[in-house]
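In what follows, a single structure is set out as structure tokens and then discussed.
The values are calculated or read from the model by the stated rules, or taken from the named source; none is laboratory data. What you see is a predicted model; the values in this text were computed from it and never measured. As a convention, Cβ positions derive from the backbone with ideal geometry for all residues, glycine included, and neighbour counts pool all protein chains shown. In case anyone asks, the SASA skips ligands and DNA or RNA and just uses the protein heavy atoms, side chains included. Shrake-Rupley method; radii C 1.70, N 1.55, O 1.52, S 1.80 Å.
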Amino acid sequence: MSLVHVVQAEGHGAGAAPSPWVTRWAHLAPPGCQVLDLACGAGRHLRYFAALGHPVLGVDRDEIALASLARLPELQGRAQFLSADIENEAWPLAGQQFGLVVVTNYLWRPLLPAIVAAVAPGGVLLYETFAMGHERVGRPSRPDFLLQPGELLSACATLRVIGYEDGTVDQPLRVIQRIAAVRQPESSSGTLGWPLAKEASAAG
């Protein structure tokens with residue numbers, strides 16, 4: 001199953017709102033940092049972070065979707081796009097790091113180490129996708145596309161986990177795992193830690 005099929009099946013196409021998990025933890029992104037939206041699909045998170053003033057890079061294998069995004073006025077001058085088949089070709093971002101890496105509704109296990117490595121010191125990983133149990137609800141249903149219990153926690157062992165959830169959400173009904181994790185900055189003297197999400201923003 002391709003990324004595009006997953007996104008369309010869950011109603012996250014053009015015009016869809018950003019994930020509540022992503023917006024809940026967006027404040028962790030360093031001001032003005034570059035945002036990588038991996039497997040960006042219709043670009044809901046590219047548009048969200050561009051509106052917050054971040055330069056954004058969208059990576060996807062769907063050249064038509066990327067071309068449509070490149071024509072959006074709100075992304076002009078803020079967005080770059082990279083067409084890449086990240087499941088069958090070499091990792092196209094080797095050696096590059098970003099202040100924020102966003103991945104939603106996508107899982108290709110061989111890439112998990114590269115995704116974590118793409119988080120810069122002081123940067124953030126926001127990851128949300130389907131988990132075991134979702135096969136009883138809808139697509140995707142193959143184990144290849146469903147996280148095992150605690151899998152995101154294990155993948156982020158080199159990062160500091162700020163928020164993590166594993167369970168069901170509604171509208172539509174889904175079984176998911178999601179994580180907000182940061183890489184320790186090179187110098188953390190004097191810091192009180194990372195601000196948690198406000199309680200009022202936690203619903204959804």
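Taking a ≥ b ≥ c as the square roots of the eigenvalues of the Cα gyration tensor, the chain is classed as rounded, since a/c falls below 1.5. Surface composition of the chain: carbon plus sulfur atoms hold 53% of the accessible area, using a 1.4 angstrom probe and ignoring ligands, DNA and RNA. Between ARG174, ARG109, ARG136, the GNM of the chain built on Cα springs shorter than 10 angstrom shows ARG136 fluctuating the most. Taking every DSSP bridge with both residues inside the chain, close to 45 percent are antiparallel. From its DSSP helices (H runs of at least four residues, each -39,500 (n - 2.57)), the chain gives a residue-normalised ellipticity at 222 nm of -5000 deg cm²/dmol. In the context of the full set of protein chains, residues of the chain present 47 Å² of accessible surface per residue (probe radius 1.4 Å, heavy atoms only). Under the rule that an exposed site lies in a DSSP loop and has at most 15 other Cβ atoms within 10 Å, name the longest stretch of the chain with no GluC sites (Glu not before Pro) of that kind, not counting the sites themselves. Between exposed loop sites, the widest span is 90-185. Seen from PHE98, the other residues with C-beta closer than 14 Å to its C-beta sum to a net charge of 0, counting Lys and Arg as +1 and Asp and Glu as -1.
The Rg/Rh ratio of the range 100-182, with both radii computed over alpha carbons and Rh defined as the Kirkwood radius, is 0.97.
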